[in-house]
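Peer 1: Supplied in structure tokens, the structure appears directly below.
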Amino acid sequence: MAETLRAGLLGVGMMGRHHARVLREIDGVELVAIADPGGDPHGVAGTLEVLPDIDALIGAGIDIAVVAVPTRFHEDAALKLAAAGVHALVEKPIADTVDAGQRMVDAFRDAGLIGAVGHIERFNPALQELRRRLAAGELGAVFQIQTRRQGPFPSRIADVGVAKDLASHDVDLTAWVAQSDYVRVFAQTTFKSGREHEDMIAITGRLASGVIVNHLVNWLSPMKERVTVVTGEKGAFVADTSTGDLTFYANGTIPLEWESVSSFRGVSEGDVTRYAFAKREPLRVEHEAFRDAVLGRPSDVVTMEQGLRTLAVVEAALGSARDGVATAFD
């Protein structure tokens, strides 16, 4: 395969416009075609013709494609790309149903192609630094991972609820950071904004490693919050993915002299450290990882298999909220 990959982009909406910019910026990739049946609302096509559909995009002779259209259209586009021998990065969630996602996984596997899912939080500098430090044993045993992802309703989202749009981020990043899959989930949802899909979900669960997880996700908060807290035997890491900051709160080692406090047999507050490290744009890092995977270089993309597992956990959480029972995985 040529060292410069011919890239096509399906969808130039709110997210697609950022994909267009990054595809033009990274080495080894040339954006040669754009398709969107809705036109080019953000004016990102430049000198490129805005093609009408996925078939025209494939006809432009592309090596790789980015799929950034509403979730219900992912399967159709992905299956056509796989049949044409085109590697694809599909925005999250992988599909609108597990069955559709499985068909996508099968198609790319059978064709021997790279199929990736755009769970961009994995490429956030705070979470990458957190995973590195956890793997190095800096927290010791991990007890709990808690995430909070809250903010106002985004009018651009129409075809899925907050679980598939946002909670999928937290499910994926939690399993990735902990390097352990979910084995059980229980959830509750609310419908407050008059839409057919849920706008708040609270998920609790457990990973195969024994780690307890909690996710609070909603479109009902006037404040925007993107926080991951990992608590373990040596303290707690707090990753703010809005700013890319990672802070460590160490358990205290100084004996307490205040009698009413020292009688509590738990941890105490120790030093607080906010780390300094390089902070690259997550979307750019994601695209570089996808490019490298296609070129056969060492890379760490979110595979379609992993994206499907995340979707299965989210659908199980929604089923749990509907039925009022916990769901266990094999």
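The values are calculated or read from the model by the stated rules, or taken from the named source; none is laboratory data. Here the structure is a predicted model, which means the values were calculated and not measured. Here the Cβ is made from the backbone with ideal geometry for all residues, glycine too, and neighbour counts use every protein chain on show. These area figures cover heavy atoms from the full protein model, side chains too; ligands, DNA and RNA do not enter into them. Shrake-Rupley method; radii C 1.70, N 1.55, O 1.52, S 1.80 Å.
Peer 1: So how many residues does the stretch 48-85 have that are within 15 Å of Gly8 (Cβ to Cβ) and not in a helix (DSSP H, G or I)?
Peer 2: Residues flagged as within 15 Å of Gly8 (Cβ to Cβ) and not in a helix (DSSP H, G or I) within the stretch 48-85 amount to 18.
Peer 1: Filter the stretch 294-311 down to the residues that are assigned to a helix (DSSP H, G or I) and crowded, with 18+ Cβ neighbours inside 10 Å, then identify the one that is farthest from the chain's Cα centre (by Cα).
Peer 2: Val294
Peer 1: Only residues in the stretch 219-230 that are crowded, with 20+ Cβ neighbours inside 10 Å count as the first member; pair them with residues that are among the charged types (D, E, K, R), Cβ under 8 angstrom, at least 6 apart or cross-chain, and list the lot.
Peer 2: Taking only residues 6 or more apart or on different chains, the pairs are Trp219/Asp199; Arg226/Arg148; Arg226/Arg149; Arg226/Asp240; Thr228/Asp170.
Peer 1: Identify the single condition in (1) in a strand (DSSP E or B); (2) modelled with pLDDT of 95 or more; (3) within 23 Å of Pro282 (Cβ to Cβ); (4) among the aliphatic types (A, V, I, L, M) that Ala163 does not satisfy, given that it satisfies every other one.
Peer 2: It is condition (1) that Ala163 fails.
Peer 1: Check Leu256, Leu207 and return the single one that is surrounded by 12 or more Cβ atoms within 10 Å (Cβ to Cβ) and modelled with pLDDT of 95 or more.
Peer 2: Leu207
Peer 1: On the basis of being open to solvent by less than 30 Å² (accessible area, probe 1.4 Å) and either part of a loop (DSSP other than H, G, I, E, B) or of a type in the set (Lys, Arg) (or both), does Val90 make the cut?
Peer 2: For Val90, the condition - open to solvent by less than 30 Å² (accessible area, probe 1.4 Å) and either part of a loop (DSSP other than H, G, I, E, B) or of a type in the set (Lys, Arg) (or both) - is not met.
Peer 1: Go over the candidates Pro37, Pro41 one by one and state the one that is in contact with an Asp or Glu (Cβ under 7 Å, 6 or more places away or on another chain), part of a loop (DSSP other than H, G, I, E, B) and open to solvent by 30 Å² or more (accessible area, probe 1.4 Å).
Peer 2: Pro37
Peer 1: Quickly run through the stretch 112-142 and pick out the residues that are surrounded by fewer than 16 Cβ atoms within 10 Å (Cβ to Cβ) and either among the small types (Gly, Ala, Ser) or within 29 Å of Leu220 (Cα to Cα) (or both).
Peer 2: Passing the criteria: Gly112, Ala135, Ala136, Gly137, Gly140, Ala141.
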